[in-house]
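Everything below concerns the one structure shown next.
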Amino acid sequence: MSSFPRLAAALASVLLASTLAACGEEAPSASSGALDPANPVKITVADAGYANALEIAKAKGYFSKYGLDPKLTQTQSGVATLAALQGGSLDIGYADFYAGINALGNGFDIQLVANNNTNLTSLPFLVKSGGPVKTAADLAGKKVGVSPVPQFIVNTRGFLEANGVDSNRVTFVIIQDATGAPQALERGDYDVWAGHWTAAYSNDGKTGYNFTTVGDTSTKAWSNPDATTAAFWTTGDYARKHPEIAHAFAKALYEFHAWWNAVSPSEQADLVQQYYKIDFKKIAGGDDAKLRNLLPTYYQTGPINLDATQSWYELGLKYAPDKISKGVDWKSHVFASATRSSAGGAP
C-alpha cells in the first residue's frame, strides 16, 4: 500500500502546532440526546468557501436549528484538513474522497460524517481559440495542464477517454500555481488546460485571453453522478465521543442542500455575491446556462450511496493508481450520520 509521505508530513506539522496551541475547548458531550438549540455547541469546521456555501447555511439558521454554532475556517487542501482533524485543531472538515482514502491508507482514524457533493456537472477543457487544437481528437500527443490533486487527474483522464483520446498518448503537465494557469496556456506551456468555468468565461476574447472549450464536458460520460466525491470528516474518537454532533451536522447540511437545490440560479447568485463577494451574474453576462455552470449545483442531500461511491474509488485506482491508496475498507469508516436521510424542512 502506498505511504503518501506528504500526508504524514502534514500531520506531523499540525500535531506540533496543536500541541503548542492547546487552548481550544473540547466540545461538550452530546451522548445524552439531541442538542439544544437554545445552547448551541461551538465547533470548528474547515469549509471550502463559496463552493460549499456554509456561511449561507449558517446565516439561514440550518446549524442553529440543530444546536450547532460552527466557526468556519479554511485550510490549503483536503490533505491539510485531514491532518488538522487528526491533530485536534478542527472538529469537522471538508476534504475530497481520495484525500480521505489516502488518509485511511496511512492509518488515520477518521470517519465520514456527511457526504457533501458529487462530481462537478461539467468541466471545461480550455484551448486557445484559433490554435491547433480544434476538437478533442486533436489532443492526442499534446500537453495537458492539470492540477496535482488526484481527482483532477482522474477527471482529465476520464474526459480524454470519453472523448475518444487515449489518455496514455498525452503528456500531463502538473500545474503548481493555479493563479498562473491562464498565462501558461497562453504562452503554450501546455496545449489544453483542465480549468474551471470562471476562467472560461473570463477569457472569451472580450475579456482576458481568447480561450474556448473542446469536447463533451459532461462528467456523466465517465463518472457516476450519484457518487460522493467530497465529504465532511471527523476523527473516529470525536465521532464516538460526540455522535449527536455528527448527526446534527449531517442533518443541518442535508437540509441546507435540499433548500439550496430548490432555489433559482438567480437567487443563488445573489446569495453568493452577498456572502462571498463574487458576482457570478456579471461573469455570466446574462447567460442562464453560464450562470448554472458557475454556481454550486452538485450538493447531495444524503444518505451516501455506497455502491456509486465505490465506483468513484475504482475509477481513481484505474486512472491515478500511483496517487490513491489501494485496498482501503473505506465503507467501515462511514459514520451512521451519513447513512440516514434528513428529516424536516427549512428553519
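The values are calculated or read from the model by the stated rules, or taken from the named source; none is laboratory data. All figures in this text were calculated on a predicted structure; none of them were measured in a lab. Cβ coordinates were reconstructed from backbone atoms using ideal geometry, including for glycine residues, and neighbour counts include every protein chain displayed.
General remarks:
- Among all positions in the stretch 97-110, there is at least one residue which is of a type in the set (A, V, I, L, M, F, W, C), in contact (Cβ under 8 Å) with a residue 24 or more places away in the chain and closer than 30 Å to Ala289 by Cβ.
- Residues in the stretch 53-85 that are polar (S, T, N, Q) and surrounded by fewer than 24 Cβ atoms within 10 Å (Cβ to Cβ): Ser64, Thr73, Gln74, Thr75, Gln76, Ser77.
- Index of the failed condition, Val41 passing every other in (1) modelled with pLDDT under 50; (2) surrounded by 12 or more Cβ atoms within 10 Å (Cβ to Cβ); (3) over 23 Å from the mean Cα position of the chain (by Cα): (1)
- The residue that is nearest to His242 (Cα to Cα), among those in the stretch 95-128 that are among the small types (Gly, Ala, Ser) and surrounded by 22 or more Cβ atoms within 10 Å (Cβ to Cβ), is Ala114.
- Restricted to the stretch 228-347, the set of helices (runs of 4 or more DSSP H) holding at least 3 residues that are farther than 23 Å from Lys42 by Cα and under 17 Å from the mean Cα position of the chain (by Cα) comprises 306-319.
- Those residues of the stretch 53-73 which are hydrophobic (A, V, I, L, M, F, W, C) and either within 26 Å of Phe152 (Cα to Cα) or at pLDDT below 95 (or both), in sequence order: Ala53, Leu54, Leu72
- Hits in the stretch 109-125 - residues which are out of contact with any His (no Cβ under 9 Å at 6 or more places or on another chain) and more than 16 Å from Thr229 (Cβ to Cβ): Phe125
- Residue-level check: of (1) surrounded by fewer than 19 Cβ atoms within 10 Å (Cβ to Cβ); (2) touching a strand residue (DSSP E or B) at 6+ places or on another chain (Cβ under 6 Å), Ala338 misses just (1).
- Of all residues in the stretch 286-297, none that is not assigned by TED's automatic domain parsing to the domain that holds Ser264 has its Cβ atom under 6 Å from the Cβ atom of a residue that is among the aliphatic types (A, V, I, L, M), 6 or more apart or on another chain.
Conditions tested, residue by residue: (1) in the same structural domain as Ala80 (by TED's automatic domain parsing); (2) more than 23 Å from Val127 (Cα to Cα); (3) hydrophobic (A, V, I, L, M, F, W, C).
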site: Thr179; (1), (2), (3): no, no, no
site: Pro182; (1), (2), (3): no, no, no
site: Val192; (1), (2), (3): no, no, yes
site: Thr198; (1), (2), (3): no, no, no
site: Thr234; (1), (2), (3): yes, yes, no
site: Glu255; (1), (2), (3): yes, yes, no
site: Ala258; (1), (2), (3): yes, yes, yes
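- Residues of the stretch 183-214 satisfying the condition of being in contact with a Phe, Trp or Tyr (Cβ under 6 Å, 6 or more places away or on another chain), buried (at least 18 other Cβ atoms within 10 Å of the Cβ) and not in a strand (DSSP E or B): Leu185, Asn203, Val214
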